[in-house]
Amino acid sequence: MRRRDFIQGLGAAMALNAAACRRPEQRAVPLVNPVEYVIPGVSNYYSTLFTLQNIAFPILVETRDEKPVKIEANLLPGRKGAVSDKYMQSALYSLYDPDRFQNASIENKKTGKEEAIDKIIKSLASSSGISAVITDISCSPSSLEMKKQISIANPKIMFFEMNPLDRNYYLQEANKAVLGLDGELLPDLSAADLIITLDSDIFGTDPLAAYYANSWFQSQNFEENRLIAIEAGLSPTGIVADKRFAIHPDKFERLLNDINNLLEQKAVISQNNELYNEISDYFGKNKSIVILGGKQLSIRAHTLIIKINKLLGAFTDGGAYSTKSILPGSEGRKESEKELRDLLTGNKIENLLFLDINPFYFAESTLKNLISKVPINRRFAINFYKDETAENCSVFIPLSHSLESWRDAVSPDGYYVIGQPVINPLNKNSVSKEEFMFLICKNLNISAFQDLNTFYDYLRKSCLGDAPDRMSWENALRRGYFEGKRISATEIKFNQLNSDEKIIDIAPKEELSLIITPSLNIFDGRFANCAWLQELPHPVSKQCWGNSLAMNNRTAVKQGLKEGDIAKIESNGNSLELSVLIIDEIANDVICCESGYGRSAGGNIAKGTGGNINLLFDTSSDTILQVFKIYPTGKTYKIARTQTDFSLTNLKLEKDIFYQPAEIQKKKSSDSNFEYTGNRWAMAIDLKKCTACGACQIACQSENNIPSVGKDEIIRGRNMLWLNIERYTTVIGKERKHVNLPLLCQHCEKAPCENVCPVAATTHSPEGINEMTYNRCIGARFCMVNCPYKIRRFNFKNHAKDIHTPFENILNPDVTVRMQGIAEKCTFCIQRINEARKNARKSGLAIDDTKLQTACQQSCPTGAILFGNINNKESAISKKLSCTQYFKLLEELNTQPSISYIGLNRNADTERAAK
Amino acid sequence: MKKMPGVENMLIHIINDKTSWKYRLTISITLLMTLIGLAGAYFTINRGLSSWGIHNYVSWGVAIVSFVFWIGIAHAGTLISAILYMLNQEWRAPLHRAAEAMTIFSVIVAALFPIIHTGRPWFSLYWLFPYPNQMGMWVNFSSPLVWDIFAILTYFILSLCFWYLGLIPDLAILKYKIKSKTLSRLYDFFALGWSGSSKQWKVYRNTYVTLAGIATALVISVHSIVSTDFAVTLVNGWHSTIFPPYFVVGAIMSGCAMVSCILIVTRYSFEIGKISGTEHYDKLNKIILATSLMLSYCYLAELFFAWYSGSSSELGIIYGRVYSDYSLLFFAMLFLNVVLPQLYWSKSIRNNLPIVFLINFLINIGMWLERFIIVVSSLFRTSLSGKPEMYYPTLTDISLIIGSFGLFLTMYLIFVRIFPIISIYENKE
């Protein structure tokens, strides 16, 4: 090399070195004054409150660095396990929902919050006519008190409640007429031995479903108890029922009449011997029987039900209604709605304020027209999203999220629950319902409010009286509720019952009926902007992202329809196009449709999924419509469903689920050559107890950062849920039986996915868990191919890209967010196991597996899922499996899963069959 | 065996002459097809596999179908050059150079598919290869995909050596007769100083026969290993011991069909017909007929075992093939692979090249369908649920298939112009 070249090379090397220099030093400053209690990476749990209409759920919110990341049910005394449902789990989604961040506006012009509040309160207080404030039904004692105070101070401000789920209040009316009480009686299902539901979806659409499921499935002798469902459609209650009768709604009253006659030992008109035999089996044998009717039944049906329940002894000691407690917040509804209508019709209302309610979506056209008569500059809305109602009002203020504000409520169990905020309001322009009422009170110069600054002061004062006792307040907040029940038994008189009402004997007409129920996924539409709930497969039809007209094949053929067609349905001059879905278990001449879909405003996700069936209502109509026309349009529609075939073709599996004898057979021990010396994690799922409520699925999604993939991806079969609940049905004897099969990674001992992965990205842990190493995965999908359960999921897209601020806060910091192109699946919540291991190591003890729960297990209201260490003979799962017959899924493939399923067959059933 | 007079001059002409407009048009079309494939590959990597038709159930789609198809195509080359050489079948002489080239090109095309098929191709490129690292992290040697890597790599290297070895004497002959300076220099370099001395010939023949022996074993092993991708799994319809012979037979059939298709086109393009007969096509077609009969046996055995197993899931797969949307494909496959080759019982059809081209072209389609049926319509039913989850390829999927043919044909067309497509020394008088 020449000297010149050498120098050149040296120069180039130095230039490269210079380029590779470090950036200038920038000093970071540590957090020297940290917030007390907040340790980075360690969770804090706050007890607070979630409400669904007038049903209160005490909850625990897990926060990380002061941001909520997970919601769990708060355990209540007297209850086994969690009372939790999918709506509670999804409250996080709405908290961080990017669509909720709107400004307060006056006539569509952005304004400050204070200005808008000022405008509303001034208008309400200074009007010459009546100012109506419409709210959803609630069970908040403080709100009730404030409403009372406001009405006293200014009688022109009137509060009304509307219930989108119950338009007729027949149950209330019947209760008032017969029992002389105002409200709904709350049955205690744990006291019942036999429940007969008549078109009452106690484990599905009922807001109390989680409470009901918890009482029924966790009751002492659940194994001996029976549930009979009589219904027109197919509901989750019908699926888990021991016996189900699909009956046209026109026949309901007649059936009740027959049951009544049977009990009074009179002649029975029609023949439903099976049902009567079931009732006779239990009646008069010191068993507690109760019949529960759906709210949409007629007044006469409700009256009959009360009569029958009295005959069955449900109101006496040991019966389901023996506590005689009234559901909090169910009082005085009928009058309220009627009065509102009268005032609107008489043009007496000058101002209308919609406080957390969306009648422009759910109300029938008559009511909508009445509301629209109030001029738009006199309509105000305080709603969570800028929804249909907000768009039709001149002033809009966003509502705070329930996790951002102080609230109170009385739970169905009778506990007074305080809801404390767990995060500062993310939307600075928002106001809470209670805070707003408090501001009205202040504005009206009500004396009790004069020396108070915020609603918090009022709440605290009203809870503790004038002598604030700091400890009892803080204890209540810590616990989540005040000790001592606040519900007492009410007085019940039985009016009318003896006056033998004439029951018409004319045969039911059985006309084509359209039954409208609230959505099992998004309720009355208030959760429509939650992608988690939209994408949750429907418990019955497994449809996601939309609603359909469900009917059986016979009905469909009669109307010239088939699955996937778009049908047009017309009633009262309104029409709607919806896809048709076949569910053969639905009664003949019945069409079922869910409301809550077809939103035209209220967030990007809410808009444009399904159709708004509420349009078909008219004033007088029940939720069962008979005056309508339905005809095919000739168009077809691809319904997004995660399961389309519900038949079990695998005979072995059918036998395992439905027939397996309940005596314990000796299991072949695993022929694994690995000896588990430490922990061996396993799960047991009791199929008898799964109602497919979906709480576990949403909990899993929340815990494990599972993205929502959207309607198109679901149509293409790319469901992302790690826990899929599949529904299977088969005919046994003459009866059609159903099972909800929660399907998740089986964590096979001889996992087929493990030995085919080319890069060893999925391996077996020494504690029996089939682990996934995300950053090693290249996405060859061999594991997915070889998994016989097909529960491995693949990131076809980069879903993390779709996360918009502040939604990233919802992510569990303990769980990796997966990128495009890799496989994933259930991990048995490995992050929770590791957390427990870490804590155990700190305390020097073994992992306490009684406290270790997977997300699905923790959220299951029925206790269907058990997770634990089977090497510990004292663990709950070991005990359960040692005394129960169980099966493994697809045992014949010798994959040796860690998940044991407990089949549907019960001792009681076998005995009955023998009889 | 008749020698081909004038083969040397003809080949020199093919290489030296200016390209005709037909050639230029053809290569433009194949290049366009390649570009379509490249666009598909870009979409695939950029947008993730969501642009494909695959889903949770059928998570392997046409990429794997094409992979198996192209590996199958490769087999004919080795069969013709190695097995027939070992068996002293002299009629192979006009075929084997082109067939070997085809082997190499189709292995290249095939190897691209598993890479683009993965969700993160940027990692799969090197994570699939075992290399020592400080983490002690190795590939999973029990995975058939890793066996594939070894099998295909071995096959590719050996095929390349074999083809190159065959070229050496020809390159030495041609290097003085080629007009292009660059090519001439290239030939000179790669001829490795070949002078044609008897000592060289002796070494040459020994090496050739050794490589041929190894390649013979590979013909059987490579596709057997590819078949284990399916046979060792728990998937109904795949989990079967007949898969290795089934795949090898299918591969030879499709490979021979492809070779004859391509050579018939080449023959008419360059007037090779003037110097060569049709005997080798006759023989190839006999092989196709024989393998078709074996394949028919495999189809029957597959049906029989599904029935004999008594497993509802196994039977479900067969029902699914017959009654689902794929039934048309299934019956088309049976017709093309079982019925159509029976025409080759007739000697006149075996020697009528336009008809042979047509039949063999259709057989290739049939063989592609066979792989589609095997891959897709076994995955579409799980052991749990009854209803098949259908899979339909998307535009991206189809563009990748088009691209694979484009790339293969482009490489072949370039090969035709720069290398002798017929072995000169074996065919010279």
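Checked against the criteria, B:Ala257 does not count as out of contact with any Asp or Glu (no Cβ under 6 Å at 6 or more places or on another chain), part of a helix (DSSP H, G or I), surrounded by fewer than 22 Cβ atoms within 10 Å (Cβ to Cβ) and among the hydrophobic types (A, V, I, L, M, F, W, C). Please verify whether B:Leu49 is within 14 Å of chain A (Cβ to nearest Cβ), closer than 27 Å to B:Ile373 by Cα and not hydroxyl-bearing (Ser, Thr, Tyr), treating the condition exactly as stated. Judged against the criteria, B:Leu49 is a match. Can we say A:Lys310 is in contact (Cβ under 8 Å) with a residue 12 or more places away in the chain, surrounded by fewer than 19 Cβ atoms within 10 Å (Cβ to Cβ) and not hydrophobic (A, V, I, L, M, F, W, C)? When the stated conditions are applied, A:Lys310 does not pass them. Scanning the range A:858-899 for residues that are under 32 Å from the mean Cα position of the chain (by Cα) and among the small types (Gly, Ala, Ser), we see that the one that is nearest to A:Glu72 (Cα to Cα) is A:Ser859.
When the criteria are applied in full, A:Phe245 meets the requirement of being outside any helix (DSSP H, G or I) and aromatic (Phe, Trp, Tyr). Quick one: in the range A:832-848, of everything that is in contact with a helix residue (DSSP H, G or I) (Cβ under 8 Å, 6 or more places away or on another chain) and crowded, with 17+ Cβ neighbours inside 10 Å, which residue is nearest to the other protein chains (Cβ to nearest Cβ)? Among those that are in contact with a helix residue (DSSP H, G or I) (Cβ under 8 Å, 6 or more places away or on another chain) and crowded, with 17+ Cβ neighbours inside 10 Å, it is A:Arg832.
Residues considered: A:Ser131, A:Ser138. Of these, the only one that is hydroxyl-bearing (Ser, Thr, Tyr) and closer than 24 Å to A:Phe203 by Cα is A:Ser138. Checking each residue in the range A:161-177 for being surrounded by fewer than 22 Cβ atoms within 10 Å (Cβ to Cβ) and either over 27 Å from A:Phe523 (Cα atoms) or over 24 Å from the mean Cα position of the chain (by Cα) (or both) picks out A:Glu173, A:Lys176, A:Ala177. Does at least one position in the range B:110-126 carry a residue that is in a helix (DSSP H, G or I), more than 14 Å from chain A (Cβ to nearest Cβ) and crowded, with 24+ Cβ neighbours inside 10 Å? Yes, the conditions are met somewhere in the range B:110-126.
Listed here are the residues, each with its yes/no results for (1) over 12 Å from A:Arg641 (Cα atoms); (2) among the aliphatic types (A, V, I, L, M); (3) touching a Gly at 6+ places or on another chain (Cβ under 9 Å); (4) modelled with pLDDT of 95 or more.
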| site | (1), (2), (3), (4) |
| --- | --- |
| A:Pro518 | yes, no, yes, no |
| A:Phe523 | yes, no, yes, no |
| A:Ala528 | yes, yes, yes, no |
| A:Cys544 | no, no, no, no |
| A:Asn547 | no, no, yes, no |
| A:Asn552 | yes, no, no, no |
| A:Lys562 | yes, no, no, no |
| A:Asp565 | yes, no, yes, no |
| A:Gly573 | yes, no, no, no |
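Are any of the residues in the range B:378-390 in a helix (DSSP H, G or I) and within 30 Å of A:Lys652 (Cα to Cα)? Yes, the range B:378-390 contains a residue that is in a helix (DSSP H, G or I) and within 30 Å of A:Lys652 (Cα to Cα). State the number of residues belonging to the range A:133-146 that are within 15 Å of A:Ser432 (Cβ to Cβ) and assigned to a helix (DSSP H, G or I). Total meeting the criteria: 3. Within the range A:809-849, the set of residues being assigned to a loop (DSSP other than H, G, I, E, B), under 19 Å from A:Ala699 (Cα atoms) and touching a residue at least 24 places away in the same chain (Cβ under 8 Å) comprises A:Leu811, A:Asn812, A:Pro813, A:Val815, A:Thr816, A:Val817, A:Arg818, A:Lys825, A:Cys826, A:Thr827, A:Phe828, A:Cys829. Within the range B:127-145, the set of residues being at the interface with another protein chain (Cβ under 9 Å from one of its Cβ atoms), assigned to a loop (DSSP other than H, G, I, E, B) and touching a residue at least 12 places away in the same chain (Cβ under 8 Å) comprises B:Leu128, B:Val139.
Listed here are the residues, each with its yes/no results for (1) at the interface with chain A (Cβ under 9 Å from one of its Cβ atoms); (2) surrounded by 21 or more Cβ atoms within 10 Å (Cβ to Cβ); (3) more than 19 Å from B:Ser313 (Cα to Cα); (4) among the β-branched types (Val, Ile, Thr).
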| position | (1), (2), (3), (4) |
| --- | --- |
| B:Val376 | no, yes, no, yes |
| B:Thr382 | yes, yes, no, yes |
| B:Ser385 | yes, yes, no, no |
| B:Pro393 | no, no, yes, no |
| B:Ser399 | no, yes, yes, no |
| B:Phe408 | no, yes, yes, no |
| B:Ile414 | no, no, yes, yes |
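Selection of the range A:630-653 for residues being in a loop (DSSP other than H, G, I, E, B) and free of Cβ contacts under 8 Å to residues at least 12 places away in the same chain yields A:Asp645, A:Thr649. Selection of the range A:358-384 for residues being crowded, with 24+ Cβ neighbours inside 10 Å and of a type in the set (Ser, Thr, Tyr) yields only A:Tyr361.
Yes/no matrix, rows are residues, columns are (1) buried (at least 22 other Cβ atoms within 10 Å of the Cβ); (2) within 31 Å of the chain's Cα centre (by Cα); (3) assigned to a helix (DSSP H, G or I):
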position: A:Leu227; (1), (2), (3): yes, yes, no
position: A:Glu253; (1), (2), (3): no, yes, yes
position: A:Asn260; (1), (2), (3): no, no, yes
position: A:Lys266; (1), (2), (3): no, no, no
position: A:Asn277; (1), (2), (3): no, no, yes
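Only one of the numbered conditions (1) surrounded by fewer than 19 Cβ atoms within 10 Å (Cβ to Cβ); (2) within 14 Å of another protein chain (Cβ to nearest Cβ); (3) of a type in the set (S, T, N, Q) is violated by B:Thr154, and that is (2). Among the conditions (1) touching an Asp or Glu at 6+ places or on another chain (Cβ under 6 Å); (2) under 29 Å from A:Ala153 (Cα atoms), A:Tyr361 misses just one, which is (2).
In the condition set (1) surrounded by fewer than 24 Cβ atoms within 10 Å (Cβ to Cβ); (2) in a helix (DSSP H, G or I); (3) away from every other protein chain (no Cβ under 14 Å); (4) not aromatic (Phe, Trp, Tyr), A:Gln697 is compliant with all but (1). When every residue of the range B:35-45 is checked against the conditions, at least one turns out to be of a type outside the set (A, V, I, L, M, F, W, C) and within 14 Å of another protein chain (Cβ to nearest Cβ). Of all residues in the range A:280-301, one or more are free of Cβ contacts under 8 Å to residues at least 60 places away in the same chain, in a helix (DSSP H, G or I) and not aromatic (Phe, Trp, Tyr). When the range B:226-247 is examined, which residues are found to be part of a helix (DSSP H, G or I), away from chain A (no Cβ under 14 Å) and surrounded by fewer than 24 Cβ atoms within 10 Å (Cβ to Cβ)? Selection gives B:Phe243, B:Pro244, B:Pro245. Only one of the listed residues (A:Phe782, A:Phe794) is of a type in the set (A, V, I, L, M, F, W, C) and touching a strand residue (DSSP E or B) at 6+ places or on another chain (Cβ under 7 Å). That residue is A:Phe794.
Just one residue in the set A:Ser43, A:Ser94, A:Ser47 is under 19 Å from A:Pro861 (Cα atoms), of a type outside the set (D, E, K, R) and at pLDDT 85 or above; that residue is A:Ser47.
The values are calculated or read from the model by the stated rules, or taken from the named source; none is laboratory data. As the structure is a computational prediction, the values presented were derived from the model and not from experiment. For neighbour counting, all protein chains shown are included, and Cβ atoms are generated from backbone atoms with ideal geometry for every residue, glycine included.
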